[in-house]
Ligand SMILES: Nc1ncnc2c1ncn2[C@@H]1O[C@H](COP(=O)(O)OP(=O)(O)O)[C@@H](O)[C@H]1O
Ligand SMILES: [Mg+2]
């Protein structure tokens, strides 16, 4: 027959939850089970010399009643001084005139980790759903809009013919038609952003686009803005939609210009690299770094920069901090979508007052 003492001793020793027995009035620790020894990291003998308050942060003793107040979720300090999240219950009992306390601890680390992970996933899901909804909205509007523009373009043709027959000048009609065509090409871009249309994928040299934009910007940008362009030698053959890539780069440069106050600097660089984090060849180097299979394009400015809150949102469609009519909030979201769809990487580094660097990595073909 097992003695009852032995049964309880075994239960105490075998408990997966740490258990601490203590003097209910002073908090002096009287016994700890192996799970407690492992959890707090003390040797048994060390633990027996401790007071409960050396493990607990928030549990408090009411000396007049011997009652312990226990918060629902708290943290305990282990031997190394680390705070461990726990769920605690304390019971008290009297044993031959001595007031005793028993504290049972539940280690909450894994549970908290899972909860944090779940929250993060929920955030990501909300973001994806929002992007999807916006994309669908943009796509739907663009589609209907494109149809209306087709009617305008065709009607222009008709009117033009009728005017020509009547020997009336047709220049204004041509202008309307050109405007409608430009508007149609804008809707094309919206559609390709909303995945309703496939981009026109061809192989092209990114160098040509950077050079084209650079010369355009050089001619149009104010004299107070210094423009630096660094392009490494050799071709940068990438696959994608050159029109879309031109828009991407143009938007980055215009964003940089908007971020500058009266004066400032914009630097555009295109180098061979293996990714945004891999080492890049400097523009002076004529060879690619060993094995580099991609192009890294950077547009940097020393303008106002962005706060973390703004930076977190700039790739959302329609997010803009610019005055109505000045910004569409589609530039960076399209850039992000175009680059990631092409298997590239996209990164923004920015902080208020320290300017902004937008970096794009695109894999090169062949
Ligand atoms: N180079 C930059 N410096 C500071 N802020 C920037 C920069 N580029 C983008 N932003 C911020 O990101 C927002 C979104 O940019 P974008 O998608 O191009 O839309 P838009 O230019 O129409 O506002 C801008 O309104 C601005 O707040
Ligand atoms: Mg923009």
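Tabulated data for the structure shown
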{"item": "Rg to Rh quotient for segment 138-237, alpha carbon positions, Kirkwood Rh", "result": "1.14"}
{"item": "Estimated FRET transfer efficiency (residue 310, residue 98; beta-carbon r; R0 51 Å; 0.05)", "result": "0.25"}
{"item": "Stokes-Einstein diffusion coefficient of segment 112-193, Kirkwood radius over Cα pairs, 20 °C, 1.002 mPa s, in µm²/s", "result": "135 µm²/s"}
{"item": "Calculated FRET value between residue 67 and residue 3, using beta carbons and R₀ = 30 Å, to 0.05", "result": "0.40"}
{"item": "Extent along principal axes [Cα atoms of the chain; Å; largest to smallest]", "result": "119, 50, 46"}
{"item": "Neighbour-count ranking [beta-carbon atoms within 10 angstrom, fewest first] of 236, 145", "result": "145, 236"}
{"item": "Proxy reagent accessibility, fewest Cβ within 10 Å first, across 39, 22", "result": "39, 22"}
{"item": "Kirkwood Rh in Å, taken over segment 69-136 so that all alpha-carbon pairs contribute", "result": "15.6 Å"}
{"item": "Cα-projected label distance for residue 215 with residue 78, points at 7 Å along beta-carbon direction, nm", "result": "6.6 nm"}
{"item": "Cα point-scatterer Debye curve for segment 4-107, base-10 log of I(q)/I(0) at q = 0.16 Å⁻¹", "result": "-0.66"}
{"item": "Segment 222-248-segment 57-114 distance, computed between alpha-carbon centres (Å)", "result": "63 Å"}
{"item": "Antiparallel bridges, percent of DSSP beta bridges restricted to the chain (to nearest 5)", "result": "90 percent"}
{"item": "The chain: angle of helix 331-341 to the longest principal axis, Cα-based, in degrees nearest 10", "result": "80 degrees"}
{"item": "For segment 14-52 versus segment 299-366, the gap between their alpha-carbon centres in whole angstrom", "result": "55 Å"}
{"item": "Packing-based exposure ordering (other Cβ within 10 Å, fewest first) of 172, 3, 96, 357", "result": "96, 3, 172, 357"}
{"item": "Translational diffusion of segment 202-363, µm² s⁻¹ [Kirkwood Rh, Cα pairs; Stokes-Einstein; 10 °C; 1.306 mPa s]", "result": "99 µm²/s"}
{"item": "Length gained when the stretch residue 117-residue 10 is fully extended (0.36 nm per residue, less Cα-Cα span)", "result": "34.8 nm"}
{"item": "Using distinct alpha-carbon pairs, which all enter the 1/r mean, Kirkwood radius of segment 211-265 in Å", "result": "12.6 Å"}
{"item": "Bins of 10 Å, starting at 0 and running to the largest distance - Cα pair percent for segment 32-189", "result": "8, 21, 15, 9, 7, 7, 8, 9, 8, 5, 2, 0"}
{"item": "Degrees between helix 242-259 axis and first principal axis of the chain (Cα, 0 to 90, nearest 10)", "result": "70 degrees"}
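Each reported figure results from applying straightforward, stated rules to the coordinates on display, with no laboratory input. If you're wondering where the values come from, they're calculated on a predicted model, not measured in any experiment. A quick note on method: Cβ atoms are made from the backbone with ideal geometry, for glycine too, and the neighbour counts reach across all protein chains shown.
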